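These notes concern the structure reproduced below.
Coordinate-derived values only; no laboratory data. Everything numeric here is computed off the predicted structure, so don't read it as measured data. Positions of Cβ are backbone-derived with ideal geometry, glycine not excepted, and every protein chain shown enters the neighbour counts.
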Amino acid sequence: MGKVYVFDHPLIQHKLTYIRDKQTGTKEFRELVEEVATLMAFEITRDLPLEEVEIETPVSKAKSKVIAGKKLGIIPILRAGIGMVDGILKLIPAAKVGHIGLYRDPETLKPVEYYVKLPTDVEERDFIVVDPMLATGGSAVEAINSLKKRGAKNIKFMCLIAAPEGVEAVKQAHPDVDIYIAALDEKLNDHGYIVPGLGDAGDRLFGTK
Ligand code: URA
């Protein structure tokens, strides 16, 4: 079964408080989401393989370590996932960015792909799928399906806030995918919003409400 990591670092928790606060305006909300994504990227890359290289410091020769050329891909789920991308790229600027767009079929209520654009070498990359909110888990499960269908083998999922229902759905559908979250909230309400959550992440990021 995939592991669930809750990043309870004080800086992440502090920034998340202001992200949640309804008084926080679009500009600050966007900046904070980006900052938290950077902090989460620091933790999520903890297992990147290193290799030894030889360098010369001003004082002597030295053996030192660099990241062993791991190919990474960041996949925001449209549209709110976009808000996390720049924050992650600050730490891993060479990562490629793919996009997955999903809409909910009004009859089946199931997420359906409407846009998928991925790096060409999907099979060789490790992916981080990002979406600020893991609510029912429907979009996350479908986005991961979509990646796997195209050959992705190593996938992590990262979000700011998760509901227990969403975590369970991803764990059940994709037991090989580890989930990284900044906060595990109480529940979903009748409208599918996470409680207490932060409201609609897309609207708050893009000022559409
Ligand atoms: N998507 C959001 O943006 N917010 C929620 O609370 C749930 C899903």
Exceeding 20 Å between C-alpha atoms, which entries from my cross-link table qualify? They are K71/K156; K148/K171; K148/K187; K15/K156; K3/K96. K148/K187; K15/K156; K3/K96
The range 27-83, Kirkwood Rh and Cα Rg, ratio Rg/Rh at 1.18
Considering amide H positions built from the backbone, and no H for Pro or chain starts, which residues 5 or more places from Y180, or on another chain, come under 5 Å of its amide H? Y5, F157, M158, C159
Whole angstrom only: what separates the Cα centroid of the range 1-44 from the Cα centroid of the range 134-206? 15 Å
Once the Cα atoms of helix 82-91 and of the chain are each reduced to a long axis, what angle between those two axes, in degrees from 0 to 90 to the nearest 10, is obtained? 10 degrees
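Within the set of other residues whose C-beta is less than 12 Å from the C-beta of L11, count the net charge using Lys and Arg as +1 and Asp and Glu as -1.
Values: positive: K15; negative: D8, E35, E43.
Summing Lys and Arg as +1 and Asp and Glu as -1 gives -2.
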Computed over the chain: longest principal axis from alpha-carbon atoms vs helix 138-149 long axis, angle to nearest 10 degrees, is 50 degrees
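By the scheme Lys and Arg +1, Asp and Glu -1, what is the net charge of all other residues having a beta-carbon under 11 Å from that of K90? Write down the numbers at each step before the final one.
On the way: positive: none; negative: E34, E35, D86.
Here the count lands on -3.
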Over its alpha-carbon atoms, the chain yields an Rg and a Dmax in Å of 17.8, 69
Distance in nm between S64 and Q172 label points, each 7 Å along Cα→Cβ, equals 5.0 nm
